[in-house]
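All remarks here apply to the structure that follows.
No lab work stands behind these numbers, since they all come straight from the coordinates. Worth saying up front: this structure is predicted, and the values here are computed from it rather than measured. Ideal geometry is used to build each Cβ from the backbone, glycine not excepted, and the neighbour counts take in all protein chains shown.
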Amino acid sequence: MTPEEDNLRSSWDSYPSEYLDGYLIQGVEDPRINAQSILTRAWLSDTLYPGRFDALITEELRFGAVLTWILRQLEQGAGRAELHDAILSGDTQRIPEFLCATYAWLQGEACPIPDYLTTVLSCLDPDRPNGCLSDLALDTFMTIWSEQLASLSRGTISVLEVACGSANDYRFVAQCGLAPFLRYTGLDIAVGNITNAQHRFPNVDFRVGSILGTELPDSSCDYLFCHDLIEHLSPAAMERALEEMLRIARREMILHFFNGKRNGVHEIVPVRKYYRNRLSMEKIAAFFEGQGTHVTCLEMAPWLREKIGVPGYHNPNAFSVIVDRYP
Ligand SMILES: C[S@@+](CC[C@H](N)C(=O)[O-])C[C@H]1O[C@@H](n2cnc3c(N)ncnc32)[C@H](O)[C@@H]1O
């Protein structure tokens, strides 16, 4: 391992395993409501069944935005009953328009989605503090997806997740019923993360390893995804990681970034033993385009505004790129 990999490993392995297991699946990062996690699952289901789930994907993104807004209000001290009353009375001074419209739609008799807004505002989970959302509400789309996917034939695709953490996203890939469609490998540099992931999923291929030095052969997986790693690498390691991903993934990959910006150059920001860079979306896209791939950039806030009419995203710097090797 290089000194940089040593630093990356020791940084993440310095956290207690319970912390690693939970810190990125809480609050707005919960993959059940986080738009970039929803997008990864949507990308997988759309790969398996192109176009079939477009409407459901849109509704799940809306669900994520609605529950994120409610969560933020609860965290700021709002009461569930007060929010419920304001929504019921259509108080657009207090409640954003997209949320009032969603509530009205959920009340319709023909609405195919259960009324998760009433569930989240009325249900108190005794095991969770007041500022949290209940699992009953959070699991709404996990249940819908697992019912939809259960009856479909199970051709499989091979998928590599880089920087899988403690199965942070995989646990919801599994819960929503996508796992039987995948030959999945999760890779993470931190032993603590992989131990957690293996504990949760003893029969799934979770491996300790670094994307900067894998021995995975060329084109050894069909699809690859990665959340929130690239910003933590030095410029040289970032380039190596992107090259490696492109070498390993045969068809397509989706990479998610939490700290991006529109124009100009990358801002390189060393933090303790690693980095927290602010990366230029255009430069990332140009890198992949320079390798002859087709790149689709999704800047989360404007993309969600256009797609589902929400006024913003909890992280205004988030963006994702989909890289297609054979456009
Ligand atoms: C910010 S966390 C993101 C974890 C997970 N993808 C998520 O979004 O919840 C960054 C992850 O990258 C892993 N990591 C850091 N350097 C790595 C490398 N060179 N190769 C593979 N994983 C790495 C860390 O152990 C950590 O789990």
- Message: Straight-line reach from LYS283: which lysines fall under 16 Å, measuring Cα to Cα and dropping same-chain residues less than 8 apart?
- Response: LYS261
- Message: Give me the one-decimal nm value for the distance between modelled label points at TYR19 and ASP85, 7 Å along each residue's Cα-to-Cβ direction.
- Response: 4.1
- region 206-249 - percent relative contact order, Cα under 8 Å, separation 6 or more: 60
- Message: Show me the three semi-axes of the equivalent ellipsoid for the chain, from the C-alpha gyration tensor (sqrt of 5 times each eigenvalue), largest first, rounded to whole Å.
- Response: 33, 22, 21
- Based on DSSP H runs of at least 4 residues, each adding -39500 (n - 2.57), what is the mean residue ellipticity at 222 nm of the chain after dividing by all its residues, to the nearest 500 deg cm²/dmol? -13000 deg cm²/dmol
- Considering only DSSP beta bridges where both residues belong to the chain, give the percentage that are antiparallel (nearest 5). 40
- Query: Once the other residues with Cβ under 10 Å from the Cβ of GLU60 are scored (Lys, Arg +1; Asp, Glu -1), what is the net sum?
  - Reply: +2
- Item | Diffusion coefficient, µm² s⁻¹, Stokes-Einstein with Kirkwood Rh over alpha-carbon pairs of region 63-141 at 4 °C and 1.567 mPa s | 102
- Note on the structure: Listing CYS297, CYS164, CYS221, CYS111 by rising number of other beta-carbon atoms within 10 angstrom, fewest first, gives CYS111, CYS297, CYS221, CYS164
- Item | Alpha-carbon centroid distance for the pair region 1-51 / region 148-181, whole angstrom | 14
- Query: What is the distance in Å between the Cα centres of region 270-290 and region 204-228?
  - Reply: 19
- Return the distance in nm (one decimal) between the two label points of a simple spin-label model at ALA101 and SER151, each offset 7 Å from Cα along Cα→Cβ. 3.1
- Query: How high is the FRET efficiency from VAL271 to ALA179, r the C-beta distance, R0 51 Å, rounded to 0.05?
  - Reply: 0.90
